[in-house]
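Engineer: What follows is a single structure, and I will ask about it in a moment.
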Amino acid sequence: MLFYKVEGTITNIPAETDDSRRAHRETVRKLSLKSDAFNRKYAKASYYFVSDCTDGLIAIGVIADRSDDVRETIKAYMRYIGIQAKNVVTTEITINGIENLLGCAARQDYINDDDEILERFGLDKVTRFGRSISYGENILETRSRKAVFADVGKYLLQETLVPELNRIYEGGNSGGVYGHPVHYMLLTDDIDTRKASCRLLLQALYANRRLHSRRYCFLDFKPGERFSMVAYNTLYKVCDGGAVIIRYLANDDSEDDGYASSERDTIESLCEAVKSYRNQVLTILCLPRACKSAKALFYENLGTVPVVEMQEEFAADERAASFLKSLAREARIRTDKALFSKIEPGKGYLAPDLRTLFDEWYNRKLRTSVYPQYKNIAVARQEAVKAAPKGNAYDELREMVGLREAKAVIQKALNYYKMQKLYEEKGLVRDNPAMHMVFTGNPGTAKTTVARLFARIMKDNGLLSKGQLVEVGRGDLVGRFVGWTAKTVQAKFKEAHGGVLFIDEAYSLVDGHSGSFGDEAINTIVQEMENHRQDVVVIFAGYPDEMEGFLQKNPGLRSRIAFHVPFADYSAQELCEIAALMGRSKGISLEKAAMDKLRTVFALAAQQSDFGNGRYVRNLLEQAKMNLASRLLESDLDEISAKELSTIKAVDIEVPVLPTAQKHKIGFAC
C-alpha cells in the first residue's frame with residue numbers, strides 16, 4: 001500500500017474572493033461528487049481525493065495499490081474532476097501524512113468521513129488501535145550506486161554487506177516487483193551501524209525495483225512483550241510493497257528467564273506475519289550480537305524463508321588504523337601518533353569502539369593543539385565524577401550509627417554509577433548497569449531507613465529522577481485471582497518510576513507451589529526489572545538465610561542484582577549510641593548511670609535469636625519515658641525542674657526478663 005500527496009497550481013479555476021463563498025461550496029460539492037464517481041468507476045483497490053483547493057492551489061491525497069500506475073492515474077483523475085494544473089509535484093508520504101490529508105478533506109467536506117476511509121483500508125487499526133505496538137515510519141532517500149558504496153566504508157560491514165549489495169545491483173532492474181528472494185538478519189550492538197546498514201540495503205533494493213515503495217516501517221519490541229497477531233498482520237498489510245525493520249531491544253538473552261515463554265510466543269507471532277507477507281513485504285531483523293537465543297528462535301520459526309545474515313566486523317591493527325584515518329578525514333583533522341597508540345596490537349575493535357577512541361583523542365586534540373588556550377580547562381565529566389556526593393541524605397547516612405559494611409557497599413555503588421558515563425566515553429561500557437540490590441539482615445538493622453536514604457542520595461546526585469521509596473510486601477504484589485498478579489506488579493513498578501521499589505520479606509513470594517501466584521509475581525518482577533533497569537531500583541530485603549533461598553528460585557533474578565548489602569546486628573556500644581541519638585531527637589538525655597545500665601541490658605538482649613536491634617532500643621526508651629513520668633508524679637510537681645523532666649535515670653530503665661531455653665529430659669515423666 002502506497003500513499004501520495006499531489007500538489008499543483010490550478011490554471012482553470014479563478015482565485016476566490018470574499019464574496020465567492022457560495023461558489024466555493026458549489027465547487028467543493030462538485031469535486032466531492034466527481035471524486036466519488038471516479039473511485040467507483042476507475043480506482044478499484046485505490047482511493048483518490050481532494051484534500052484542499054484554495055488560493056489557486058490544490059492538494060490531492062492518494063491511497064494506492066502497488067499495482068497502480070499512480071502518475072498516469074493521477075492525470076486521469078484530475079481530468080475527470082475537471083482540474084487543470086501546472087507545477088504538479090507527487091510525493092510519497094507516510095500513514096500519518098495520509099491521515100492528515102484525509103482529516104483536512106473531511107473538515108472541508110471534500111469527503112464525508114475520514115474514519116470511514118481509514119477503516120476501509122485497515123488503516124484505523126494502525127493509526128488508532130495499533131498504538132499498542134512501538135512503531136514508526138520513514139521515507140527513504142534515493143541514492144546512486146556510487147554513493148551507497150561510498151557510505152559502506154564508514155562502517156565495518158565489508159565482509160557481509162558488500163557482497164549482498166553486489167548481488168542486488170548485479171540483478172539489475174527487473175522492470176517490476178515480483179517478490180523478495182531473501183530477507184535479512186543484522187547482528188549489531190551499534191545504533192549507527194544498524195541504521196546505516198538498513199538504509200543502504202533499502203536504497204539499493206529500491207534503486208533496483210526490488211521495493212515498490214520508499215516508505216518503510218520500523219517496529220521495536222522488548223523481551224517478554226506480547227502483541228496480538230492482528231497488530232502484526234495490520235502493520236504488514238499496510239506495508240505492502242515496502243519494508244519492515246524489526247528491532248529487538250535487548251542486551252543479552254543467555255539466561256533462561258521467567259518470561260522466556262512469552263518471548264517465544266511474540267517471536268512466533270511475528271514470524272507468522274513475516275511468512276504470510278514474505279513476497280509483499282521485505283523484513284530486516286535487527287538483533288544485538290549477544291542475543292543468541294532470540295536468533296535461534298527466529299530461525300526456528302521462519303521455516304523456509306531464506307535469510308541473509310550480516311553482522312558488524314572486528315577490525316585489528318592496520319584495518320583499525322585505516323578506520324581511524326577515515327574518521328579523521330571526515331573531521332578534517334590531521335592524525336598523530338597519540339591516536340594510533342590507542343590501538344592495542346592484535347585486539348579486535350568494533351566500529352563504535354573505534355569511534356569512541358577517536359572521539360576521546362579528537363576532544364583532547366581540540367583542547368591541546370587546535371585551541372591550546374583551553375589546555376588547562378578541566379573536563380566537566382571528570383569534575384562531576386570526582387565531586388563528593390551531594391545532598392543531606394548522604395550526610396544522614398554517614399552519621400548513622402554502625403552499618404559499616406552497608407555504608408561501604410552503598411558508597412561503592414554510588415561511585416560505580418557515577419563512573420558509568422566516564423566508562424562509556426572510554427568505550428568500556430555502552431549500557432547503563434542494573435542498579436538492583438539485596439539488603440540482608442535481622443529486624444531493626446535499619447534496612448528500610450537506609451533504602452529511603454539511598455533513594456534520596458540517588459536523586460540528589462542525578463542518578464534517579466524522583467527518589468521516592470515505594471515499600472511493598474507479598475500482599476501488595478500477589479493478586480487474589482488469575483491474571484491479577486502481573487498487572488499488580490507492573491502497577492507497582494509504574495508507581496516506583498524514577499525511585500526505589502523496596503520489597504520487604506521478599507522470600508514470602510516463594511510458596512513452594514510451581515506455577516503459583518507467587519511464581520507469577522517473581523517472574524513478572526524479573527521482567528520488569530529488565531524493562532525498567534534505567535529508571536527503577538529494586539531492593540529486596542529480608543533475613544539472610546531466607547533471602548538466599550529466594551534468589552535461588554529464579555536464575556534470572558540473581559544475575560540482575562548488582563549489589564548485596566549486609567546489615568549486621570548492632571553491638572552493645574552501638575545500641576547505646578543509637579539510644580543517645582533517639583533521646584536527643586526527642587529532647588531526652590540519659591545520665592551516665594542510665595547509659596551503663598543500658599549497655600548491660602543490650603549485651604544480654606543481643607544473645608537472643610529474636611533480638612530487635614534498633615526496634616528493641618526504641619521500645620526500651622519508650623518504656624523508660626513512661627517510668628520517668630510515673631516516678632516524677634510521686635514527687636512535688638512544683639519542685640520539678642525542666643532538666644529532671646527530660647533526664648532518664650538508671651532507675652527508669654527496666655531490665656527485661658529474658659526467656660531461657662527450656663531443657664528437655666530424656667525418657668518418660670509422669
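The values are calculated or read from the model by the stated rules, or taken from the named source; none is laboratory data. For clarity, every value in this text was computed on a predicted model and none was experimentally measured. Using ideal geometry, Cβ is built from the backbone for each residue, glycine included, and neighbour counts are taken over all protein chains shown. Side chains are part of the model used for accessible areas, which takes the heavy atoms of the whole protein and leaves out ligands, DNA and RNA. Shrake-Rupley method; radii C 1.70, N 1.55, O 1.52, S 1.80 Å.
Engineer: Under a 5 Å amide H to amide H cut-off, with H placed in plane at 1.01 Å, what residues pair with ALA85 once short-range neighbours are removed?
Structural biologist: THR11
Engineer: Tell me, in nm to one decimal, what length is gained between SER276 and ALA491 on full extension, where the rule is 0.36 nm per residue of separation less the Cα-Cα distance? List each step's numbers first, then the result.
Structural biologist: Numbers: separation 215, 0.36 × 215 = 77.40 nm, distance 3.59 nm.
Once the chain is fully extended between SER276 and ALA491, it gains 73.8 nm.
Engineer: OK, next. Do the alpha carbons of any pairs in LYS459/LYS625; LYS75/LYS146; LYS295/LYS412; LYS342/LYS412; LYS154/LYS342 sit beyond 26 Å of each other, and which pairs?
Structural biologist: LYS459/LYS625; LYS75/LYS146; LYS295/LYS412; LYS342/LYS412, as the Cα separations exceed 26 Å there.
Engineer: Let me ask you something else. Between ARG145 and MET229, 0.36 nm times their residue separation minus their Cα-Cα distance comes to what? List each step's numbers first, then the result.
Structural biologist: On the way: separation 84, 0.36 × 84 = 30.24 nm, distance 3.75 nm.
The ARG145-MET229 span can extend by a further 26.5 nm.
Engineer: Also, quick follow-up: Which of rounded, prolate, oblate describes segment 87-171, given a ≥ b ≥ c as roots of the alpha-carbon gyration tensor eigenvalues and a/c under 1.5 marking rounded, otherwise prolate only if a/b is larger than b/c?
Structural biologist: prolate
Engineer: Hey, another quick one. If the only charges are +1 at each Lys and Arg Cβ and -1 at each Asp and Glu Cβ, what is the size of the charge dipole of segment 263-342 around the Cα centre, to the nearest 20 debye?
Structural biologist: Dipole size: approximately 500 debye.
Engineer: Right, here's the next one. From the phi of every residue in segment 84-100, what ³J(HN,Hα) in whole Hz does the Karplus formula 6.51 cos²θ - 1.76 cosθ + 1.60 yield, where θ is phi - 60° and glycine or proline is x?
Structural biologist: Going residue by residue, I get 10, 8, 10, 6, 6, 10, 10, 10, 6, 10, 8, 4, 4, x, 5, 4, 5 Hz, with x marking Gly and Pro.
Engineer: Still on this structure, I have one more. Note down the accessible area of GLU471, probe 1.4 Å, to the nearest 10 Å².
Structural biologist: Roll a 1.4 Å probe over it and GLU471 shows about 90 Å².
Engineer: Less than 13 Å apart at the alpha-carbon level, and either on another chain or at least 8 residues along: which aspartates and glutamates does that give for LYS447?
Structural biologist: Filter leaves GLU405, GLU471, ASP504, GLU505, ASP569.
Engineer: Could you work out the relative contact order of segment 19-167, using alpha carbon pairs under 8 angstrom and six or more residues apart, expressed as a whole percent?
Structural biologist: After rounding, I find 20 percent.
Engineer: Computed FRET efficiency, Cβ-Cβ of ALA316 and ASN100, R0 60 Å: what is it to the nearest 0.05? Numbers along the way, then the final one.
Structural biologist: Working: r = 50 Å, r/R0 = 0.84.
The pair ALA316/ASN100 has a calculated efficiency of 0.75.
Engineer: Let me ask you something else. Over all Cα pairs of segment 37-94, how is the pair count split among 5 Å bins, expressed in % and running from 0 up to the last occupied bin?
Structural biologist: 4, 16, 33, 27, 15, 4, 1
Engineer: Contact order normalised by length for segment 6-96, with contacts defined as Cα pairs under 8 Å and 6 or more residues apart; what percent is it?
Structural biologist: Relative contact order for segment 6-96 comes out at 46 percent.
Engineer: Right, something else. What whole number of Å gives the distance from the Cα centroid of segment 24-45 to the Cα centroid of segment 58-116?
Structural biologist: Going from one Cα centre to the other spans 11 Å.
Engineer: Mind checking which of GLY473, LEU509, GLY462 is farthest towards the positive end of segment 440-514's charge dipole, using Cβ charges of +1 (Lys, Arg) and -1 (Asp, Glu) about the Cα centre?
Structural biologist: The one lying farthest along the dipole's positive direction is GLY462.
Engineer: In the structure shown, do any of LYS41/LYS275; LYS494/LYS586; LYS5/LYS125; LYS5/LYS86 have a Cα-Cα gap over 26 Å, and if so which?
Structural biologist: LYS41/LYS275; LYS494/LYS586
Engineer: Measure out, as a whole number of angstrom, how far apart the alpha-carbon centroids of segment 529-605 and segment 182-210 sit.
Structural biologist: Going from one Cα centre to the other spans 54 Å.
Engineer: Residue by residue through segment 265-281, what is 3J(HN,Hα) from phi via Karplus (6.51 cos²θ - 1.76 cosθ + 1.60, θ = phi - 60°)? Round to whole Hz and write x for glycine and proline.
Structural biologist: 4, 5, 5, 4, 5, 5, 5, 4, 5, 4, 5, 5, 10, 4, 8, 9, 10
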